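The values are calculated or read from the model by the stated rules, or taken from the named source; none is laboratory data. Bear in mind the structure is a predicted one, so any value in this text is a computation, not a measurement. Cβ placement follows ideal geometry from the backbone for every residue including glycine, while neighbour counts extend to all protein chains displayed.
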Amino acid sequence: MLNPRADRSVEFIADGVIVSDTTGTRIEYVGPYDAEARSTLNPRQVDGLILPPLTDCHIHIPQHPIRGRFTEGVGDDTPNGRLLAGLERNVFPAEAHCDDAAVAERVVWRFLQDTLAQGVVGGAAYMTVSPIATRVALEILPPSWSVGLVLMNQNCPEYLRTDEFTLEHDVESLAGDFGKRLIVTDRFAVAVSTSLRRKAVDLARRFGLRTQTHLNEQLGEKAFVERMLYPHAGTYTNVYTADGLLDQAAILAHCVRMGDAEFDQVKSAGAFIAHCPTSNALLGSGVAPLDKIVERNIPYAICTDVGASPTTSLLAEIATFLRVHEGRSTVATPSEALFRVTLGADVVMQRPPRSASLAVGDPFSFIEVDTFGTVLPNASADSVIAATLLGYAPADASLRQAYDKLALAGLQLEPGLEAIEDDNAAVVSRLEGRVQRVTLSGQVVFDRNDEI
């Protein structure tokens, strides 16, 4: 068993047992399968690792059908970066399809099935500008998922814009039915005007809702915001600060191209960061300065950002986390990675860690994962996570050089990015589908044997 702790450590139990109470819904005992346990129990054996369920705090539901194809067809003539080109060519059309409630329903159900199969049981998701599609997502997904009604009214297709005349009614209706599971979702400063953003923040305050957005993902995006759209703001983060977006316990995706003062603003506002290493690598955005986030004690979670990532597997995501920070961060340990998709993600979601740890009185919820090789009884938690859970090996010199270039200035279509894409493909191939079974409050909600 691997059991994350509130101090960001992970307890490793080489031969453990987890026992439910008489209702089958709560944990009565968790610990070593010692002589006393052996004399009283006859448990089902798991040939693998048991972990708490996983949480993804930044993911795009309507992009699930095009995951891994965010930049498909995008050429090397993209002066503003792969992000903006991929949105225009692939993402916005995919999101528009969800205007049809029947299409939205199919997309959400497939999203739910896929995330459960990867041991991901909740988080914070983006839907679209459509209140109908957002309602479909909130109705189908369990309460562990929060969903955003996306705001866009500029630098985006006419067919995919917020209806500003009905926005107040739409937010009031969704908040009335789903409460704080609704997140007011500013797409990013490129696509949302100040007037719409301030109106949305007022609605978030009125109904007690959180906000979420993207911030400083790519150099081209940052330059467009700071030099063209908001030249008097000074920085990208100042745009959101001035409009009040950060004041509603905001979840800020990426934060790759941030200045020190911007990180200080995020900390001061009490906002949270969704760190998406796979997306940041595959889009050529860069590497988020993790140590600056941790130095300021800004709460963050590791997230997939599907569809820029090709998989909803958070196991693949934490392997990429280790890869991108390899040699450039002392805090990017395997234990830190597992904490940030369990207890750390619960902090970002602002909910008690009742489903992200294995402790007496917690829900009888856990996932079972195949291992790479034999678990050594005296191994450290870090070595078990890296070698046995992830099958992780350090990068060779050429791959490290590619990640160094990515961290410095980002990458477009060039050999360095191709090496990173190949590395990520190997990670996904190795780790997607490793979850054997998912149990929530005593109920098996996914069993891989049933899928075969």
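Would you check which residues across the stretch 1-15 are touching a residue at least 24 places away in the same chain (Cβ under 8 Å) and surrounded by fewer than 21 Cβ atoms within 10 Å (Cβ to Cβ) and list them? 5, 6, 8, 9, 11, 14, 15, listed by residue number. For beta carbons closer than 6 Å, sequence separation of 6+ or different chains, a first residue in the stretch 368-387 that is under 13 Å from residue 334 (Cα atoms) and a second that is of a type in the set (Gly, Ala, Ser) and modelled with pLDDT of 95 or more, the qualifying pairs are 381/335; 382/335. Taking the conditions (1) closer than 24 Å to residue 57 by Cα; (2) touching a Ser or Thr at 6+ places or on another chain (Cβ under 7 Å); (3) assigned to a loop (DSSP other than H, G, I, E, B) in turn, residue 147 satisfies each one other than (3). Exactly one residue among 79, 93, 62 is at pLDDT 95 or above and in the same structural domain as residue 316 (by TED's automatic domain parsing), and that residue is 62.
When the stretch 351-384 is filtered for residues that are of a type in the set (Lys, Arg) and farther than 16 Å from residue 439 by Cβ, only 351 remains.
With a requirement of 2 or more residues that are among the polar types (S, T, N, Q) and assigned by TED's automatic domain parsing to the domain that holds residue 63, the helices (runs of 4 or more DSSP H) lying completely within the stretch 169-269 that satisfy it span 194-207, 236-243, 260-269.
Can you find a residue in the stretch 203-220 that is surrounded by 23 or more Cβ atoms within 10 Å (Cβ to Cβ), touching a Gly at 6+ places or on another chain (Cβ under 6 Å) and modelled with pLDDT under 95? It would help to see each step written out before you state the result.
Taking the stretch 203-220 and keeping what is surrounded by 23 or more Cβ atoms within 10 Å (Cβ to Cβ), we get 204, 209, 211-218.
Pick out the ones that are also touching a Gly at 6+ places or on another chain (Cβ under 6 Å) and you get 212, 218.
Imposing the further condition that a residue be modelled with pLDDT under 95 reduces the set to 218.
There is at least one residue in the stretch 203-220 that is surrounded by 23 or more Cβ atoms within 10 Å (Cβ to Cβ), touching a Gly at 6+ places or on another chain (Cβ under 6 Å) and modelled with pLDDT under 95.
For the stretch 24-36, the tally of residues that are in contact (Cβ under 8 Å) with a residue 12 or more places away in the chain and either in contact with a Lys or Arg (Cβ under 8 Å, 6 or more places away or on another chain) or over 18 Å from residue 438 (Cα atoms) (or both) stands at 5. Residues in the stretch 395-449 that are surrounded by 17 or more Cβ atoms within 10 Å (Cβ to Cβ), in a helix (DSSP H, G or I) and polar (S, T, N, Q): 424 only.
When 298, 273 are checked against the criterion of being outside the structural domain of residue 8 (by TED's automatic domain parsing), over 15 Å from residue 218 (Cβ atoms) and surrounded by 24 or more Cβ atoms within 10 Å (Cβ to Cβ), a single residue qualifies: 273. Just a yes or no: is a residue in the stretch 25-42 in contact with an Asp or Glu (Cβ under 8 Å, 6 or more places away or on another chain), of a type in the set (Val, Ile, Thr) and not assigned by TED's automatic domain parsing to the domain that holds residue 301? Within the stretch 25-42, one or more residues are in contact with an Asp or Glu (Cβ under 8 Å, 6 or more places away or on another chain), of a type in the set (Val, Ile, Thr) and not assigned by TED's automatic domain parsing to the domain that holds residue 301. Of note, residue 278 satisfies the criterion of being outside the structural domain of residue 420 (by TED's automatic domain parsing), buried (at least 21 other Cβ atoms within 10 Å of the Cβ) and more than 16 Å from residue 347 (Cβ to Cβ). Filter the stretch 131-158 down to residues that are buried (at least 24 other Cβ atoms within 10 Å of the Cβ) and of a type in the set (S, T, N, Q) and give me whichever is nearest to residue 446 (Cα to Cα). The selected residue is 146. Within the stretch 427-447, residues that are more than 20 Å from residue 109 (Cβ to Cβ) have Cβ atoms under 8 Å from residues that are part of a strand (DSSP E or B) and small (Gly, Ala, Ser) in these pairs: 442/20, counting only partners at least 6 apart in sequence or on another chain. Cβ-Cβ distances below 6 Å connect the following pairs, each with a first residue in the stretch 40-54 that is over 17 Å from residue 24 (Cβ atoms), a second residue that is among the β-branched types (Val, Ile, Thr) and at pLDDT 85 or above, and a separation of six or more residues or different chains: 48/369; 48/371; 49/369; 49/371; 51/367; 52/342; 54/120; 54/341.
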